Amino acid sequence: MSTTPQWIMIGGEGPESYNKNSSYQRRLLEAAKEKMSEAITAKLSLDLISDRFGVADFGCASGPNTFVAVQNIIDAVEDKYRKETGLNPADNIEFQVLFNDFTTNDFNTLFQSLPPGRRYYSSGVPGSFYNRVLPKESFHIGVINYALNFTSKVPEGITDRDSPLWNKDIHCTGFNQAVKKAYLDQYLSDIKNLLDARAEELVPGGLMLLFGSCLQDGVKMSETFMGIVLDIVGASLNDLAQLGLIDQKEVDSFTTPLYFAEEGELRQIIEENGKYTVEAFEDIIQPNGEFPYLDPKILADSFKAIFGAFLSAHFGIDAMRKVFELVEVKAREEFSHIRKANLGMQYLIVLRKN
Ligand SMILES: C[S@@+](CC[C@H](N)C(=O)[O-])C[C@H]1O[C@@H](n2cnc3c(N)ncnc32)[C@H](O)[C@@H]1O
Ligand SMILES: [Mg+2]
């Protein structure tokens with residue numbers, strides 16, 4: 001049985017890298033900064049801010065967004081401390097930042113590009129965030145930005161042509177109920193593991209800040225711009241198979257471990273977990289829209305930064321690059337459709353460990 005390869009971003013700082021093509025994910029952190037600071041001020045107990053304060057980013061990639069995420073948190077914690085004690089945080093608090101991602105993530109680029117002048121010590125924490133990766137009660141605030149859409153594996157049967165669950169598409173489009181249920185079940189079990197593991201690792205009263213996108217209730221993935229682009233990636237793989245450049249059988253059995261939950265599903269998973277109090281569940285609406293620079297080339301480049309390493313692992317780097325050349329052409333052809341598509345919901349969820 002083949003296992004699902006780890007889905008990492010394109011490393012380095014070159015033109016194809018995640019580092020250079022992840023402003024979409026960063027914009028959510030910026031747009032939600034104020035709401036996040038308010039939540040920290042209101043929901044983090046002052047008693048927890050003393051001596052050593054731990055911040056952990058799960059699914060940090062190779063930067064630079066992770067630096068924005070952790071700095072925003074540290075700024076909010078320092079502000080709260082300064083206002084409520086009248087003391088200078090630099091005299092009393094030391095920050096430790098734990099950067100988590102898969103072992104195959106480009107941690108070298110991350111550590112080489114740490115911001116100069118930062119007021120924190122850094123450590124790398126390798127391993128899947130669906131398992132325990134840290135000792136008990138080892139940090140005070142955890143953050144996850146745009147990393148909750150990757151399930152730990154493709155559900156059983158999905159890649160098997162003879163199974164009733166065979167998915168001819170490369171992702172969960174939302175149109176096949178049985179396929180959707182298989183993905184949802186996998187997602188439920190993964191997110192439960194994640195919440196359970198973080199509940200052990202967080203200090204009591206500590207916060208988890210979740211940022212990302214989900215679907216509005218009842219909207220299907222392929223009705224959103226991300227889903228449409230994924231459908232275009234699938235069509236481009238089929239074009240390459242038709243040209244004989246890759247094997248059609250491999251395309252037919254290829255599916256991504258990707259699931260975008262509906263808002264209601266996400267709320268239910270968290271509430272049923274019971275280990276946290278939901279302190280905020282915000283729909284972050286950006287003044288210039290979710291994607292102000294929506295353009296076929298930017299779409300192709302940012303999807304390549306996310307999907308490129310995963311596609312290369314299956315089809316090789318040359319085929320991967322050809323796929324994204326085709327994606328840009330097709331995205332241009334279908335641009336009016338993409339523009340009018342549903343944008344999904346960008347969220348900030350604040351959980352406090354009970
Ligand atoms: C789209 S990137 C987001 C990166 C970063 N948080 C940001 O805001 O730009 C998703 C990251 O999650 C990581 N990831 C996905 N599944 C993971 C898992 N099970 N454990 C640890 N990291 C994971 C990937 O390797 C990737 O670096
Ligand atoms: Mg498939």
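What follows is calculated from the coordinates using simple rules that are stated; it is not laboratory data. Remember, predicted model here, so these are calculated numbers, not experimental data. Here the Cβ is made from the backbone with ideal geometry for all residues, glycine too, and neighbour counts use every protein chain on show.
Could you put Y146, Y18, Y259 in order, starting from the residue whose Cβ has the fewest other Cβ atoms within 10 Å? Write down the numbers at each step before the final one.
On the way: Y146 21, Y18 27, Y259 24.
Listed from fewest to most nearby Cβ atoms, that is Y146, Y259, Y18.
Positive end of the dipole of the range 23-353, charges at C-beta (+1 Lys, Arg; -1 Asp, Glu), about the Cα centre: which of H314, S163, G63 has its Cα farthest in that direction?
Sorting the options by dipole projection puts first G63.
When the chain is modelled as a GNM with alpha-carbon springs shorter than 10 Å, which of P287, P164, P115 fluctuates the most?
So, out of P287, P164, P115, the one fluctuating most is P287.
Of all the Cα-Cα pairs you can form in the range 1-115, what percent are over 19 Å apart? Intermediate results must be reported in sequence, preceding the final value.
Working: 3486 of 6555 pairs.
The proportion of pairs with Cα distances above 19 Å equals 53 percent.
Show the residues, 5+ positions off or on another chain, whose built amide H is closer than 5 Å to the amide H of G124.
Here F99 satisfy the definition.
Put +1 on the Cβ of each Lys and Arg and -1 on the Cβ of each Asp and Glu in the range 169-296; which of P287, G206, P257 then has its Cα farthest toward the positive end of the dipole?
Of the candidates, P257 comes out farthest on the positive side.
Once the principal axes of the Cα atoms of the chain are found, what is the range along each, listed largest first in whole angstroms?
Reported extents, whole Å, longest axis first: 68, 40, 39.
What is the helix-to-structure angle for 263-273, meaning the angle in degrees between its Cα long axis and the longest Cα principal axis of the chain, kept from 0 to 90 and rounded to the nearest 10?
Result, in degrees: 50.
With only Lys, Arg, Asp and Glu charged, each at its Cβ (+1 for the first two, -1 for the last two), find how big the charge dipole of the range 1-129 is about the Cα centre; round to the nearest 20 debye. Could the numbers behind the result be given before it?
Details: 12 positive and 16 negative charges, 39 e Å.
Approximately 180 debye in magnitude.
What ³J(HN,Hα) values, in whole Hz, does the Karplus curve 6.51 cos²θ - 1.76 cosθ + 1.60 give for the range 276-293 when θ = phi - 60°, with x put for Gly and Pro?
9, 9, 7, 8, 7, 9, 9, 8, 8, 9, 8, x, 9, x, 5, 9, x, 9
If you restrict to DSSP beta bridges whose two residues both lie in the range 23-353, what percentage is antiparallel, to the nearest 5? Before the final figure, lay out the partial values.
Details: 16 of 41 bridges.
In the range 23-353, approximately 40 percent of DSSP beta bridges are antiparallel ones.
If Lys and Arg each add +1 and Asp and Glu each add -1, what is the summed charge of the other residues whose beta carbon sits under 9 Å from the beta carbon of N145?
Values: positive: R26; negative: D57.
Charge balance in the 9 Å sphere: 0.
Which value, in debye to the nearest 20, gives the size of the charge dipole of the chain about its Cα centre, when Lys and Arg are +1 and Asp and Glu are -1 at the Cβ?
Working: 35 positive and 49 negative charges, 52 e Å.
For this selection, approximately 240 debye.
In degrees from 0 to 90, rounded to the nearest 10, what is the angle of the helix 317-333 Cα long axis to the longest principal axis of the chain?
Rounded to the nearest ten degrees, it is 90.
Could you give me the ³J(HN,Hα) list for the range 30-35, computed from phi with Karplus coefficients 6.51, -1.76, 1.60 and θ = phi - 60°, whole Hz, x at Gly and Pro?
Whole-Hz 3J(HN,Hα) from phi for the range 30-35: 5, 5, 9, 4, 5, 4.
State which entries of K43/K136; K33/K181; K168/K330; K43/K220; K153/K275 exceed 28 angstrom in Cα-Cα distance in the structure shown. Intermediate values should be presented prior to the final figure.
On the way: K43/K136 21 Å; K33/K181 34 Å; K168/K330 20 Å; K43/K220 34 Å; K153/K275 25 Å.
Distance filter (> 28 Å) returns K33/K181; K43/K220.
Which three extents, in angstrom, do the Cα atoms of the range 164-269 have along their principal axes, listed largest first?
Result for the range 164-269: principal-axis Cα extents of 57, 27, 26 Å.
Which residue fluctuates the most in the chain, going by a Gaussian network model with Cα springs under 10 Å, if the choices are G205, G54, G157?
G157
Considering Cα pairs under 8 angstrom that are at least six residues apart, work out the relative contact order of the chain and quote it in whole percent. Mind dumping the intermediate values first?
On the way: 613 pairs, mean separation 81.2, N = 354.
Relative contact order of the chain: 23 percent.
What are the ³J(HN,Hα) couplings of the range 107-120, residue after residue, when phi is run through the Karplus curve with 6.51, -1.76, 1.60 and θ = phi - 60°? Round to Hz, x for glycine and proline.
Couplings: 5, 4, 4, 4, 6, 6, 10, 3, x, x, x, 5, 10, 8 Hz.
In a shell of Cβ-Cβ distance under 9 Å around M208, excluding M208 itself, what net charge do Lys and Arg (+1) and Asp and Glu (-1) give?
Numbers: positive: R198, R352, K353; negative: none.
Taking every Cβ under 9 Å from that of M208, the sum is +3.
Among A147, T224, F99, whose Cα lies farthest out toward the positive end of the dipole of the chain, if unit charges sit on the beta carbon of Lys, Arg (+1) and Asp, Glu (-1)?
Positive-most Cα among the choices belongs to F99.
Using a simple charge model, +1 on the beta-carbon of Lys and Arg, -1 on the beta-carbon of Asp and Glu, nothing else, what dipole does the range 232-347 show about its Cα centre, in debye to the nearest 20? Don't skip to the answer; put the middle values down first.
Values: 11 positive and 20 negative charges, 84 e Å.
Using only the charged Cβ atoms, the result is roughly 400 debye.
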